[in-house]
Amino acid sequence: MNAKASCGPQSDPEFFDALDKLFAQYPRAADKYAIKCMTLERDVLKIDFSKQIGVSHIEDGRLITEYVDRDPTREHGCCVWGRGECLEKCEPAWL
């Protein structure tokens, strides 16, 4: 893939400047969170997060994320949020 990155400080400098200030204000939270570019999921895999959710687990030393239809009966803790909604659920032991 030779596409230019559409995410990160070079493409959204004001957002990352504000985020740096926020993390400086809350250093303990800064060590718990990271920003993830969702371009691969949205543009390449065509995930519709209003209908699907990622479910992650560890398998043979690898982190595996599968995207499944949203099911409110599934019991996992949320580990990826976007615009106020859960985008990915992870094994409860990780949280």
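Every read-out reported here was derived from the displayed coordinates using simple, explicitly stated rules and does not represent laboratory data. Because the structure is a prediction, the values reported are computed rather than measured. So basically every Cβ, Gly included, is an ideal-geometry build from the backbone, and we count neighbours across all protein chains shown.
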Task: Yes/no for V68 being out of contact with any helix residue (DSSP H, G or I) (no Cβ under 6 Å at 6 or more places or on another chain) and surrounded by 13 or more Cβ atoms within 10 Å (Cβ to Cβ) - done: no
Open item on the list: Would you confirm whether or not segment 7-15 contains a residue that is acidic (D, E), surrounded by 11 or more Cβ atoms within 10 Å (Cβ to Cβ) and over 14 Å from L87 (Cα atoms)?
Closed with: yes
